[in-house]
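The values are calculated or read from the model by the stated rules, or taken from the named source; none is laboratory data. Quick caveat: nothing in here was measured; it's all calculated off a predicted structure. Cβ coordinates were reconstructed from backbone atoms using ideal geometry, including for glycine residues, and neighbour counts include every protein chain displayed. Please note that ligands, DNA and RNA were not included when accessible areas were found on the heavy atoms of the full protein model with its side chains. Shrake-Rupley method; radii C 1.70, N 1.55, O 1.52, S 1.80 Å.
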Amino acid sequence: FLQLNITLEAAAFEKFNWEKYFKNLDPDDYVDELVKRQIRDLRILGNAALPEDKLTQLTTVTNTMTNIYSTAKICPYKKQNCDLSKEGLSQEPDIEAVFSKSTDYDELAYVWKAWRDASGAKIRNLYKTYVDLSNEAAMANKFQDKGELWRYSYESPTFIEDMDELWSQVEPLYIELHKYVGKKLKERFGSKLDDSDGLLPAHVFGNMYAQEWSNIAQLVKPFPNASKVDIDAALKEQNYTVLKMFQTSDHFYQSMGLIPNELSYDRSKGAMIEKPTDGREIICHPSAWDFCDGKNYRIKMCTEVNFRDFTTIHHEMGHIQYFLQYAKQPYTFRFGANPGFHEAIGDTIALSVTTPKHLEKINLLRNYIEDEESSINALMDAALEKVAFLPFGLLVDKWRWDVFSGAVKPEQWNAHWWEYRSKYQKIKPPVARSEADFDPGAKFHVAGDFQFVSYFVANILQFQFYKSLCIAAGEEKPLHKCDFYESSEAGTKLKDGLSLGASRHWSDVLEVITEERKLDASALLEYFQPLYEFLQQQNTETM
């Protein structure tokens, strides 16, 4: 009730000021481009455009879906009739641990289905209300539907075609990775895994959504005897704490001449960087928060001491750095140049942080031999995270755009979801699905009303940023070995772009950072070119 009341109070404030100041403004009545740009955005009221009773209904249904997702629990495979309140498994860390460690095909299939029964299926009926009211809010803002409202942030009338073009660039790389990984999975699971149709079951990739495959890295490692990278062990051996991981990330940004951000992870100032131990049910999904006062920023994350969370910290710190850099812009411009920019910044830093070159510099990697085999292994590790994600990053919102536009009817929602997962990811459900299921709703961003295509854009954009910062730092090729740690030149280029916030079209900001004006996957393809050639060779030899 508190959250609902706060939402309604904020909406009333926004609507009052919108009706008083912005409702009847026409950007074309002004000459100054910055004023025109602000008016264009201020004329969009969002959900607050709904009447209070419908806003209450939309807020309630969204909060209910989010709560169902965040509190969902399942029984363990070996005790399927458990007492959920005492023995139930939550998604983080319990279910994630099953996916990351289990090699039992049947256990994985059980957990995969049980999670969707406990989360997505329970919000299916709510989702129709959410879609209808979201579309009504979008139309009140003069958009055709919620999908068009979301795409508006990208300022491109051809945005859907732009995304399809990016996918066409990266699809050949994904297909080679999928073939190689599929062969390894077939070796692991044998006759239980049916890949005769070219599709792989969605539950065997070490991840609830098959959206990244890092947990099967050991299975698919091209050269098992090459020099190894075990940062999890190094972090523990060197007594890293959660706090020390945040401090190390903060130092990386400062080494580039960027702004310190200790406040964002200071527990005494309200930052939550570890899962509470007092029994509270919380959403553990990592997030960064701008309190909009120009000085307060916080990170919320259930951090554990491992390399994955070490990398995620750098991602969240990227959001904080962006907040800090554009803090002096007018409030309307205190956003990313487009939603993908915000996601890309920290990941750009993480590309540098995760290189063996950098890990050696900060003493998390020792006795590492850099050769062709270890380089291919490192690229494979990166591809299992970055390349494997691309189709899922695209299809989640392509599905929602179709739902919002009415191109797909409610009685076809789940089938359409699997059409896209088959088309883009080349995967299929491990058990039979029907329209009684609602598998998209088992994903946080769908249940919680958050855009997702920004992550696809970010996965392309980060490589464009990375290549530009590597050039600024004077780093030698190949691209995948670049580390711009301690480069003030790279920091200046990044600062010049980030400080603009949303005050300029994203193509202008992209040009400041990269000297390019178009989203392009060429830098990503250059980064993974040695791996692509290796995969082509391996897949050809095993045909």
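Would you please name the residue that is nearest to the chain's Cα centre (by Cα), looking only at residues in region 181-200 that are open to solvent by 40 Å² or more (accessible area, probe 1.4 Å) and farther than 19 Å from residue 384 by Cβ? The extreme case among them is 198.
Restrict the check to region 463-474 and report whether at least one residue is modelled with pLDDT of 95 or more, of a type in the set (Ser, Thr, Tyr) and open to solvent by less than 10 Å² (accessible area, probe 1.4 Å).
Of all residues in region 463-474, those modelled with pLDDT of 95 or more come to 463-474.
Now narrow it down to the ones that are of a type in the set (Ser, Thr, Tyr): 466, 468.
After this cut, where a residue has to be open to solvent by less than 10 Å² (accessible area, probe 1.4 Å) as well, the list is 466.
Looking through region 463-474, at least one residue is modelled with pLDDT of 95 or more, of a type in the set (Ser, Thr, Tyr) and open to solvent by less than 10 Å² (accessible area, probe 1.4 Å).
Among the residues making up region 139-191, those that are of a type in the set (Ser, Thr, Tyr) and not in a helix (DSSP H, G or I) are 156, 158.
Looking at region 393-447, which of the residues that are part of a helix (DSSP H, G or I) and among the aliphatic types (A, V, I, L, M) is surrounded by the fewest Cβ atoms within 10 Å (Cβ to Cβ)? Top of the filtered list is 415.
Pairs are defined by a Cβ separation below 9 Å, a sequence spacing of at least 6 or placement on different chains, a first member in region 168-179 that is more than 15 Å from residue 530 (Cα to Cα), and a second member that is polar (S, T, N, Q) and not in a helix (DSSP H, G or I); the pairs so defined are 179/542. Residue count for region 141-161, restricted to those that are closer than 24 Å to residue 413 by Cβ and crowded, with 18+ Cβ neighbours inside 10 Å: 9.
Using the structure shown, decide if residue 374 is of a type in the set (S, T, N, Q) and either farther than 29 Å from residue 221 by Cα or open to solvent by less than 10 Å² (accessible area, probe 1.4 Å) (or both). So residue 374 fits the description; yes.
Could you look through region 108-128, keep only residues that are open to solvent by 40 Å² or more (accessible area, probe 1.4 Å) and touching a helix residue (DSSP H, G or I) at 6+ places or on another chain (Cβ under 7 Å), and pick out the one that is nearest to residue 216 (Cα to Cα)? So the residue we want is 122. Just for region 478-499: of the residues that are in contact with an Asp or Glu (Cβ under 9 Å, 6 or more places away or on another chain) and open to solvent by 30 Å² or more (accessible area, probe 1.4 Å), which one is farthest from residue 335 (Cα to Cα)? Top of the filtered list is 478.
If you filter region 505-538 down to residues that are among the polar types (S, T, N, Q) and touching a residue at least 60 places away in the same chain (Cβ under 8 Å), you find that the one that is nearest to residue 341 (Cα to Cα) is 522.
Of the residues that make up region 70-86, is at least one of a type in the set (A, V, I, L, M, F, W, C), touching a strand residue (DSSP E or B) at 6+ places or on another chain (Cβ under 6 Å) and crowded, with 16+ Cβ neighbours inside 10 Å?
Taking region 70-86 as the starting set, the residues that turn out to be of a type in the set (A, V, I, L, M, F, W, C) are 72, 74-75, 82, 84.
If we keep only those that are touching a strand residue (DSSP E or B) at 6+ places or on another chain (Cβ under 6 Å) as well, we get 74, 84.
Applying the additional criterion that residues be crowded, with 16+ Cβ neighbours inside 10 Å yields 74.
Yes: one or more hits.
Taken together, the criteria place residue 385 among residues that are open to solvent by 30 Å² or more (accessible area, probe 1.4 Å), within 17 Å of the chain's Cα centre (by Cα) and within 30 Å of residue 104 (Cα to Cα). When restricted to residues that are surrounded by 19 or more Cβ atoms within 10 Å (Cβ to Cβ) and either touching a Leu at 6+ places or on another chain (Cβ under 8 Å) or at pLDDT 95 or above (or both), region 313-333 contains 13.
Matching residues to (1) within 20 Å of the chain's Cα centre (by Cα); (2) touching a residue at least 60 places away in the same chain (Cβ under 8 Å):
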position: 393; (1), (2): yes, yes
position: 396; (1), (2): yes, no
position: 399; (1), (2): yes, no
position: 404; (1), (2): no, yes
position: 407; (1), (2): no, no
position: 411; (1), (2): no, no
position: 418; (1), (2): no, no
position: 423; (1), (2): no, no
position: 429; (1), (2): no, yes
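Restricting region 271-299 to residues that are closer than 21 Å to residue 97 by Cβ and touching a Phe, Trp or Tyr at 6+ places or on another chain (Cβ under 7 Å) leaves a set whose member that is surrounded by the fewest Cβ atoms within 10 Å (Cβ to Cβ) is 285. Scanning region 214-266 for residues that are open to solvent by 20 Å² or more (accessible area, probe 1.4 Å), closer than 29 Å to residue 289 by Cβ and among the aliphatic types (A, V, I, L, M) turns up 243, 259, 263.
Within region 89-107, being buried (at least 20 other Cβ atoms within 10 Å of the Cβ) and in a helix (DSSP H, G or I) holds for 91, 95, 98, 99.
Restricting attention to region 448-462, the residues being assigned to a helix (DSSP H, G or I) and either open to solvent by less than 30 Å² (accessible area, probe 1.4 Å) or among the polar types (S, T, N, Q) (or both) number 9. Of the residues in region 4-20, at least one is in a helix (DSSP H, G or I), touching a helix residue (DSSP H, G or I) at 6+ places or on another chain (Cβ under 6 Å) and over 30 Å from residue 503 (Cα atoms).
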